[in-house]
Amino acid sequence: MKITLVTAEEIRDSRGNPTVRATVLCEDGSTGSFAVPSGASTGTAEAVELRDSAARGAHVSLALERITTEINGALTGVEVADQKKIDALLLALDGTENKSRLGGNSMIGVSAAACRAAAASRGVELYAYLRTLADIAPSHETAPFLYMNLINGGAHAATRLAFQEYMIVPQTESPREALALGSEVLRRVEEYSASRYSPAARTVGDEGGIALDVEDTEIPLKILSEIRDALPKQDSFRIALDIAASSFFRDGSYRIGERALSSEELGERLAAYAAAYGLLSIEDPFEETDFVSFARLQAALPATKIVGDDLTTTNARRVQKAIDEQSIEAVIIKPNQIGTVSETLETMALARKHSVDCIVSHRSGETMDAFIADLAFAFGTFGIKVGAPRAKERMVKIERLIELADLCAA
Ligand code: PGA
Ligand code: ZN
């Protein structure tokens, strides 16, 4: 089925910032859209977001213009189910290393919209269509583990807390059960915070978790583990961290409050937390170019997965380097970090070929799009990061996972 029109409009993300929604139409009348998310603690190797200026929250009319003129021109008449060709055309049209000419936001918008349009044209669910595009070994036969970010710091909160995300990972492959537990733990975190902190010291972060104004990076771990111990069922969830260490790395050291930690000191602190709290995973424990320190920490912590995000940026070359240097056991997959669906699938396939687990992830600035739920479900990824189970942009992903799990159980 051929593409007849590629179009786009500006919408707002969960932070209220402008972003792109691209739509692909086919000759049989089927359509597909994708609403592009946006990061705050972005890796420097990510595909560049095209905005009208460098100002925070700038409009995206330049990106819309690229879509409605150049991209529309290049893709009209192309077979919508030929995802590889669509993405190759986008890459050729862009012609840059970092996708700065068309913009990673324009490109992923169109690439994922085409994928949806192709699924619609065939009359199949998105996850089922995605499976026809790649052969990726699953970590899970059922639904991925939900990573729920309940305590927010770093670039996602205006507080002193340096580490970005304190997540719980319910130990169930039932997304419905995971949601119920996540909501209960979030409620208990709120109750606990309200009993000890002033309202100004417990606001809400970008991903819907509590933004606690504390400097001590261990306090959120203590809170989560106390709550875990008080639950009727033992070990119902594990704790995972996203340090997003590049965001507090300045002049060669890691700035936490008044202290400037070396990578050895930060590594020792994280190893101690991993042991004390049985951490499931630690994402971006060091700044985004330090593959060696990642590898050292992974070697020291065989029971904890070290995860690449800013380190790897869903980029196959960077993931290959992380594999070669044994820096990670898991990798974050964010389609908008790399800019096309084909490259996203290629990176996932590479990771799984080397037994590196994939954790598909939302961004801190999210939309109502649930594409990533289908992506994670399609390939049985180890996990999916969905933020706190209350903001609507996060809930739609969880609800879609529940729907898919039910669909496949039926
Ligand atoms: P971002 O953060 O979406 O703001 O880049 C998410 C993450 O670091 O995992
Ligand atoms: Zn991250």
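The values are calculated or read from the model by the stated rules, or taken from the named source; none is laboratory data. Computed from a predicted model, the values in this text were never measured in an experiment. Glycine gets a Cβ as well: all are built from the backbone with ideal geometry, and neighbour counts include every protein chain shown. Areas reflect the complete protein model, heavy atoms only, side chains present, ligands, DNA and RNA absent. Shrake-Rupley method; radii C 1.70, N 1.55, O 1.52, S 1.80 Å.
Assorted remarks:
- Exactly one residue among Ala63, Ala47, Ala58 is surrounded by 23 or more Cβ atoms within 10 Å (Cβ to Cβ), over 19 Å from the mean Cα position of the chain (by Cα) and not assigned by TED's automatic domain parsing to the domain that holds Glu393, and that residue is Ala63.
- Qualifying positions in the range 76-104 - assigned to a helix (DSSP H, G or I), surrounded by fewer than 24 Cβ atoms within 10 Å (Cβ to Cβ) and of a type in the set (A, V, I, L, M): Ala88, Leu89, Leu91, Ala92, Leu93
- Residue list for the range 162-188, filter: over 20 Å from His362 (Cβ atoms) and either within 16 Å of ligand 2 (Cβ to nearest atom) or not assigned by TED's automatic domain parsing to the domain that holds Leu266 (or both): Ala162
- Residues that are free of Cβ contacts under 8 Å to residues at least 24 places away in the same chain and farther than 24 Å from Ser61 by Cβ, drawn from the range 93-126: Glu97, Gly123, Val124
- Some residue of the range 6-26 being modelled with pLDDT of 95 or more, among the acidic types (Asp, Glu), outside the structural domain of Gln337 (by TED's automatic domain parsing) and not in a loop (DSSP other than H, G, I, E, B): yes
- For the range 226-250, filtered to residues that are more than 14 Å from Met148 (Cβ to Cβ) and open to solvent by less than 20 Å² (accessible area, probe 1.4 Å), the residue that is nearest to ligand 2 (Cβ to nearest atom) is Ala244.
- Residue match in the range 261-281 (condition: within 16 Å of ligand 1 (Cβ to nearest atom), of a type outside the set (Ser, Thr, Tyr), open to solvent by 20 Å² or more (accessible area, probe 1.4 Å) and more than 22 Å from Met167 (Cβ to Cβ)): no
Residue by residue, here is whether (1) within 19 Å of Val396 (Cβ to Cβ); (2) among the hydrophobic types (A, V, I, L, M, F, W, C); (3) touching a residue at least 24 places away in the same chain (Cβ under 8 Å); (4) within 16 Å of ligand 2 (Cβ to nearest atom) holds:
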position: Ser14; (1), (2), (3), (4): yes, no, yes, no
position: Arg21; (1), (2), (3), (4): yes, no, yes, no
position: Glu27; (1), (2), (3), (4): no, no, yes, no
position: Glu46; (1), (2), (3), (4): no, no, yes, yes
position: Glu49; (1), (2), (3), (4): no, no, yes, no
position: Arg56; (1), (2), (3), (4): no, no, yes, no
position: Arg66; (1), (2), (3), (4): no, no, yes, no
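- Residue count, the range 254-297 (criterion: among the charged types (D, E, K, R) and part of a strand (DSSP E or B)): 3
- For the range 357-383, a residue qualifies if it is buried (at least 24 other Cβ atoms within 10 Å of the Cβ) and in contact with a His (Cβ under 8 Å, 6 or more places away or on another chain), and the qualifying residues are Ser364, Ile372, Thr381, Phe382.
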